[in-house]
Each structure stands twice: as C-alpha cells, then as structure tokens.
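**Q** Here it is: the structure, laid out below.
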Amino acid sequence: MTEQTTPPAPPSGAPSAAAPEAPPATAPQAEASQAVATQAVATQAVTPEALQAEAPQAGAPAPVPPVAEIPPMPAEPPTAPPAAPATAVDGQEPPGEEPPGQAPPARPRRPRRVLRAVARWTAAVLVFGAASTGTAYGIASMERTDVPGLSTVDDGRWDYPELSLPALPPHTSHPFDFSNDAEIHYVDVRDLLLPAPAGAVADKKLSGGWVPASQFLTEFAEDGRSHLGQVLTDSALRHVAARGWTMPDGTSSRIYLLQFDSVAFATGLSDELTSEGDQQALPVGVTGLELDDSWPEDSFPRTIRVDAYAEKKPYEKEHVRIAYAQAGDTLAVIVHSRKGGGEAAEVPFQQTVVLQDQLLG
C-alpha cells in the first residue's frame, strides 16, 4: 500500500486555485532548482511569518517550486570563494571534474603580436651585428693614423726598413741555439748591421763594410786610446764592421760590430768599456757618463748583455749617448751624438739599440 502525503497549505494571500502538479524532478534537477531558488529568495526580504508559513512538516519532502515561477538568474552572479577540492564518494567522481579519458581543454594560443615583436627584434639584432662586424673590420684594416681620434702622436721614432736575418751557411746554427755552445755568429757580421733609416745621410767612412780598429778607437778620448788598443790586440780581435749616418735634426749615429775568436774576449772588452770610476773609457768630449735606466722592461733578449749610458750635465759641444751590447762572440757599440746644445733624443736611441740587438740575437 502506497503511503500518501498531504501537500502543505499554501501561504496566506496566495491564490486559492490549485496549481497543476509538476512532474517529479530528478536529483540533479532538484539540486539546481533548489540553488536557484535559494539565490532568488536571498534577494527578497525574508520575514519570520513567511519562514513559519513555508516551513515543511516533519517527514515531508521539500516542495519543488514550479519552473515557471523561477526568476531569471542575474547576469553576473557574485563570485563565491573557491571551494575545497571535492573527494570521490562511494567510487563516484566528484562533481565538476572531467570524466576519465576526456582530454583537457586546449591552452589559449599565444597572441601573434608577441611572435611578430620577437621576429622584429631578432632581425634588428642581426642587422646591427652585421654592421658592427663590418665597421670593426674596416677599422682594423686601416692605419692607426687614419682613424679619427686614434692617431698616434709622433714620438720621434725613426723610420727603419723592414729587417730580416741573413741565411745561415750549411750545417751551422744561430749563436744561441742549443747546438751552438760557443755562441758564434757564423754569418758575415756585416749583414747583421742595422740599416740606415729613411731620410738619413750615409757616412762615407762607415758605409757598412770592414773598418780598421783605429777607426773604432777614434770614438774615445785620446788619453785612453792606447790602453784600449792594447786590449784589442790581446783579445784576438777578428774584424770590425761599421755603419754610420746623420739625420735631418743633426743627430749622428754610428754602429760598430767587433767580432772575436771567443765569447771570453768579447766579455773582456765589454767589462773594460763599462768599468766604473776613473778606469771607464769615455767618448770624445765627454767628461762623465751616467747609467741610463729608463729602458722598458724586457727590451732585450736575456741572452744579450746591454749597458746604456747618457752624458752627464753640463754638456759641452754635443750631447752623447752610448750603449754596449754583447751577443756571444760579438760586441756592438752604438753611439748617438747631437751638436748645437740639444740632447740626443732618447726614443730613437733606444729604438736603434733594440733593433740592432734583435739582429744579433
């Protein structure tokens, strides 16, 4: 026997005509209708009398309002706080989740304007890099004096020609190779003389060939020539090669290469010329020399011994700079002098000594 329930009495003021009975709603439809009804009731004024009149009797199911009386949903329902994640009950999937096997919704595509902006910046970087590379190559291929703002101020260097070492005789080696224990120059030392720079006027007496020892002794004061001459005789001097020139500013340059039978004799003459005190041999017209220590570091190879001097003040008729460079069996004597009261420039003197040492070493 089916149990019958009596519907609740309509609220006071409601129409007496009985509304047609709505078909029974399913569980999801009932839940949705109940949520919409709750939102609609929340927007109206609720009084205690209405709540008492609409309260269902004990044990009776909640009435379902007719579909026709459901008010329209607001255009933008109020945002509810995020609910806690639902869990499955009795093996059923929680409401609102995608059923198993269904693909998740596709992500929104990146706007094309971002891709276009990236493409434009990439093209700009490539063009800028190509232009920079071309500019750098153009500057690197130019002379320093041709680049605005990078031109080097003339420091007085002389314009020497490109240097090259002469070919060695067969079955010989350079003086500082491991196979050359005696440190002998097997090439003709005349080919090791530094050539004259551009603009120089050659000295006819010192043209790059052999000269007698007496010509070399004329570089020193007369009171010391006899002693130096005896040293040259006792040291078995083989020969002397010399070259000289004069520059437009009046600076005179002379280079002598004295080759001996052994390193010991070359070292002995170097010690004699660089001895300190009254025993030091002085160039002509020089009353005193002082050691020149203004050379840059690593100016000379370690295998070459260099002693450079400058004339002390006061100068007389000319200013003199002189250097002694021993390389194995050969001693180079480089002299720069300038008349007229001015000093022999330091930069070209250092340049001449360094280049001559490179040829010897």
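**Q** With the other protein chains left in place, how much accessible area per residue, in square angstrom, belongs to segment 239-325 at a 1.4 angstrom probe?
**A** 48
**Q** I would also like to ask the following. Cα to Cα, under 21 Å, and not fewer than 8 places away if on the same chain: which lysines meet these conditions relative to LYS205?
**A** Leaving aside lysines fewer than 8 places away in the same chain, those within reach of LYS205 are LYS339.
**Q** Taking square-rooted eigenvalues a ≥ b ≥ c of the alpha carbon gyration tensor, is segment 220-285 rounded, prolate or oblate, where a/c under 1.5 means rounded and, failing that, a/b exceeding b/c means prolate?
**A** Verdict is oblate for segment 220-285.
**Q** If you roll a 1.4 Å probe over segment 178-325 with all protein chains in place, what percent of the accessible area is carbon or sulfur?
**A** 50
**Q** On full extension of the chain, what length is gained from ASP159 through GLN358, given 0.36 nm per residue of separation minus the C-alpha to C-alpha distance?
**A** Between ASP159 and GLN358, full extension yields an extra 70.0 nm.
**Q** Show GLU162, GLU318, GLU346 ordered by accessible area, largest first, where the area counts protein heavy atoms only and the probe is 1.4 Å.
**A** The ranking, largest first, comes out as GLU162, GLU346, GLU318.
**Q** Another one. Of the peptides 267-276, 214-223, how do they stack up when ordered by the mean number of other Cβ atoms within 10 Å, highest first?
**A** By packing density, highest mean first, the sequence is 267-276, 214-223.
**Q** Right, something else. What are the semi-axes of the equivalent ellipsoid for segment 155-259, taken as the square roots of 5 times the Cα gyration tensor eigenvalues, largest first, in whole Å? Could you put the intermediate results ahead of the total?
**A** Details: eigenvalues 131, 109, 23 Å².
Output for segment 155-259: semi-axes of 26, 23, 11 Å.
**Q** What is the local net charge at LEU206, summed over the other residues whose Cβ is closer than 14 Å to its Cβ (Lys, Arg +1; Asp, Glu -1)?
**A** +3
**Q** So, counting K/R as plus one and D/E as minus one, what does the shell of residues with Cβ under 15 Å around ASP188 add up to?
**A** +1
**Q** A follow-up question, please. What dipole magnitude, in Debye to the nearest 20, does segment 245-320 give about its Cα centre under +1 on Lys/Arg Cβ and -1 on Asp/Glu Cβ?
**A** Here the size comes out at about 220 debye.
**Q** May I pose another question? Of the options THR267, ALA344, PRO283, report the single residue whose Cα projects farthest towards the positive end of the charge dipole of segment 256-361 (beta-carbon charges: Lys, Arg +1; Asp, Glu -1).
**A** Of the listed residues, the answer is ALA344.
The values are calculated or read from the model by the stated rules, or taken from the named source; none is laboratory data. In this text, all values refer to a predicted model and were calculated from it rather than measured experimentally. All Cβ positions, glycine included, derive from the backbone under ideal geometry; neighbour counts span all protein chains shown. Surface areas here come from the heavy atoms of the whole protein model, side chains and all, with no ligands, DNA or RNA. Shrake-Rupley method; radii C 1.70, N 1.55, O 1.52, S 1.80 Å.
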